[in-house]
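Peer 1: Below: one structure in structure tokens.
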């Protein structure tokens, strides 16, 4: 289905809570109570500023999982207003919004690129254009890779010049920030003067006690 059809169904049909499946529109009260602020973190290399909507836990984690692994596009829209509000604090005004493309394996499994849908939805909320500015070299998805592999990030290259532009890179979740760093390298090689990042969620810092 197209995003337009998804939006139409969202308006016409009663929705289940995207966090737990209870009868609710968007997130039920109990699931929304599980949303927590994202942990503080420095911008990845090459990124001038970044933000996140929520910590990657509770209902926020379920929303991302539904979109990434089950193709539930409507789920992403539940948290987008929070991310758009967070981006509003950015001291750099982006000219264009882009995303790090999903791997071919992920697109084949879900039938779509959820990062593209997320970026376009965010761009619409900001009143900015969304453009496909990055290509992804063949390789495995970041999810499930070792910490060392995740820190290297995906291999991204520019699709077109962006000389003099300030680019906002949108993604669903940040753990090491390697994807944003890889995107920033490619965009700066294409001529971008500023790169800012925004992720729907950010992985909480795990203490030794929390890993037991």
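A short reminder: the numbers here are calculations on the coordinates, not readings from a lab. Everything numeric here is computed off the predicted structure, so don't read it as measured data. Heads up, the Cβs are rebuilt from the backbone with ideal geometry, glycines too, and the neighbour counts pull from every protein chain shown.
Peer 1: Between residue 40 and residue 160, 0.36 nm times their residue separation minus their Cα-Cα distance comes to what?
Peer 2: Values: separation 120, 0.36 × 120 = 43.20 nm, distance 3.25 nm.
Between residue 40 and residue 160, full extension yields 39.9 nm more.
Peer 1: Can I ask one more? Of 132, 182, how do they rank once you tally other Cβ atoms within 10 Å and put the fewest first? Present the calculation step by step, with values, prior to reporting the outcome.
Peer 2: Working: 132 14, 182 23.
Least to most surrounded, the residues fall as 132, 182.
Peer 1: Turning to a different aspect of this structure: Describe numerically, in nm with one decimal, the distance between label points set 7 Å from Cα along Cα→Cβ at residue 132 and at residue 29.
Peer 2: My value for the distance between the label points is 4.4 nm.
Peer 1: Can you tell me the order of 74-87, 155-168 when each peptide is scored by its average per-residue count of other Cβ atoms within 10 angstrom, highest first?
Peer 2: Details: 74-87: 19.7, 155-168: 16.8.
The most tightly packed comes first, giving 74-87, 155-168.
Peer 1: Using per-residue counts of other Cβ atoms within 10 Å, averaged over each peptide, order 40-47, 186-193 from highest down. Working shown, then result.
Peer 2: Numbers: 40-47: 14.9, 186-193: 19.0.
The densest-packed peptide leads the list: 186-193, 40-47.
Peer 1: Can I ask one more? State the extension gain, in nm to one decimal, for the chain segment bounded by residue 92 and residue 105, taking 0.36 nm per residue of separation less the distance between their alpha-carbons. Working shown, then result.
Peer 2: Working: separation 13, 0.36 × 13 = 4.68 nm, distance 3.42 nm.
Working it through step by step, the gained length comes to 1.3 nm.
Peer 1: Show log10 I(q)/I(0) for the stretch 37-202 at q = 0.11, 0.14 Å⁻¹, two decimals, from a solvent-free Debye sum over equal Cα scatterers.
Peer 2: The Cα Debye sum returns log10 ratios of -0.38, -0.63.
Peer 1: Also, quick follow-up: Please give the FRET efficiency for residue 112 paired with residue 49, using the beta carbon to beta carbon distance and R0 = 35 Å, rounded to the nearest 0.05. Can you show the working numbers first?
Peer 2: Details: r = 29 Å, r/R0 = 0.82.
According to the calculation, E is roughly 0.75.
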